[in-house]
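Below is one structure, written out as structure tokens; the observations come after it.
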Amino acid sequence: MNKKIILILFFIFLLTGCYDNKELNEIAILTATEIEKVDDQYVVKSQVVNPQAPDKTTITQSPFIIYTGTGKTIQEAYRNTTTESPKFLYSNHMQILIINEKIAKENISEVIDFYIRNPAIRTDFYVLIGKNENILDIITPIESLSSSSIKETLENNKKYLGSSATVTFDEFVNMYLNKNLEIALPSIEIINHDEEGEKLENTEESQVKSKYKLGNIAIFKDNKLQGYLTKDESITYNILKNNIQNTILTYECEDKKYITIEIIKSSASTKITNKEITIDINMSGNINESHCNIDIKEKDNIKKIEKLFENKLEESIQKDINNIRNNYNSDIFNFLDTIYKYDYNTYQNIKNNWYEETYKKIKVNINTNISIITKGNILEVIDEKN
């Protein structure tokens, strides 16, 4: 190759680069965003890492800084944070997006539109519904209450309880775009209590006594927030959506005496059988606690316990499904999408009047199979000496 050509290519390579490249000392690392709406204005709160914070955080020196911007659009509100922030907000490390419930009740389309169109933002962050305003303002003063803490709490809840959920922005968009699906998102709220347990107003003085709490599943219909499931309904939702990694089931085995099984494996499948919804649930777990006088050395007694839990679980899931259908008329269980996949002809006939004529009436059959793997280290109930 001609030496001149090589030389030209070498200089072209040196001159290339990203048009929007930023030096490290010019950026602020964005970890969480909270979007609210006041009148017709969006209010965007951006939580960024404070590089000047000491190792041991105090109330006066937080590891995070909150910048606030207001605008007629989300983009304008974001850009107006430059009146407070001396640095460019770098969003590729964002972990949490909190959408205030007032926006969620109106329509979340504009929020989705902004993040879909923004190529500079990764879409693997978690999305939550905020039941309070100014959540990030309250969280900031305490080191353990960061965006990472919220993320870890979501993931631990999914792993060990199942009353909340983890929903990435990509999954959120999929629920939004698929006309057969309804949106369901985790929620978060701030609780302020004084030493006597009384609720405090949301003020600077009360921030140090505040804590956040994951709420139950927020349920939507036609992209608008309708309300929140109960704890039991949220667990039922996660069981049917295969979001459960680990949870506990507790049922009464004798009068005011209970037995608890820790579920360590769970799978659910939904299909259409004779134009009815059939849900098959398979679980396995361990007996973690028993107050009942049951000799679990006997295989027949283990079978009885398994049957007890199967019957109780079927009853509770059936009740929760019916309550959600009657109270919200929202198909968060994706029954219509299941019909679309398994019986397209039926789907074509019912899709236009799904909620008006079919959703509340369609029969749902629940089949459960629970296997007890281990019984613990003792075989009989511990009781007081006579």
Going through the stretch 207-247 one residue at a time, which ones are surrounded by fewer than 16 Cβ atoms within 10 Å (Cβ to Cβ) and within 15 Å of Glu314 (Cα to Cα)?
Asp232
The correct count of residues that are among the aliphatic types (A, V, I, L, M), at pLDDT 90 or above and not in a helix (DSSP H, G or I) in the stretch 238-259 is 3
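With Lys312, Lys307, Lys341 as the choices, which residue is of a type in the set (D, E, K, R) and modelled with pLDDT under 95?
Criteria check complete, one pass: Lys341.
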Taking the options Ile129, Ile142, Ile138, name whichever one is part of a helix (DSSP H, G or I), in the same structural domain as Met175 (by TED's automatic domain parsing) and either buried (at least 18 other Cβ atoms within 10 Å of the Cβ) or modelled with pLDDT of 85 or more (or both).
Ile138
Breaking point among (1) closer than 30 Å to Phe335 by Cβ; (2) of a type in the set (S, T, N, Q); (3) in contact (Cβ under 8 Å) with a residue 60 or more places away in the chain, for Asn288:
(1)
Of the residues Ile121, Ile103, Ile99, Ile112, which is in a strand (DSSP E or B) and hydrophobic (A, V, I, L, M, F, W, C)?
Ile99
Given (1) surrounded by 16 or more Cβ atoms within 10 Å (Cβ to Cβ); (2) outside any helix (DSSP H, G or I); (3) modelled with pLDDT of 80 or more, Asn92 misses just (1)
Pairing a residue in the stretch 146-164 that is assigned by TED's automatic domain parsing to the domain that holds Gln47 with any residue that is surrounded by fewer than 18 Cβ atoms within 10 Å (Cβ to Cβ) and in a helix (DSSP H, G or I), where Cβ atoms lie under 7 Å and the two sit 6 or more apart in sequence or on different chains, gives Ser163/Lys231
Which of the following residues is outside the structural domain of Ile217 (by TED's automatic domain parsing) and either on the phi < 0 side of the Ramachandran plot or free of Cβ contacts under 8 Å to residues at least 60 places away in the same chain (or both): Lys275, Lys319?
Lys319
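Residue-wise test of (1) more than 30 Å from Tyr342 (Cα to Cα); (2) buried (at least 22 other Cβ atoms within 10 Å of the Cβ).
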position	(1), (2)
Phe114	yes, no
Asn118	yes, no
Lys151	yes, no
Asn178	no, no
Leu185	no, yes
Within the stretch 285-329, how many residues are within 14 Å of Ile372 (Cα to Cα), assigned to a helix (DSSP H, G or I) and touching an Asp or Glu at 6+ places or on another chain (Cβ under 8 Å)?
1
Could you tell me which numbered condition Ile235 fails, if it satisfies all but one of (1) closer than 17 Å to Leu161 by Cα; (2) among the hydrophobic types (A, V, I, L, M, F, W, C); (3) assigned to a strand (DSSP E or B)?
(3)
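The values are calculated or read from the model by the stated rules, or taken from the named source; none is laboratory data. Everything numeric here is computed off the predicted structure, so don't read it as measured data. Note that we place each Cβ from the backbone using ideal geometry, even for glycine, and neighbour counts take in every protein chain shown.
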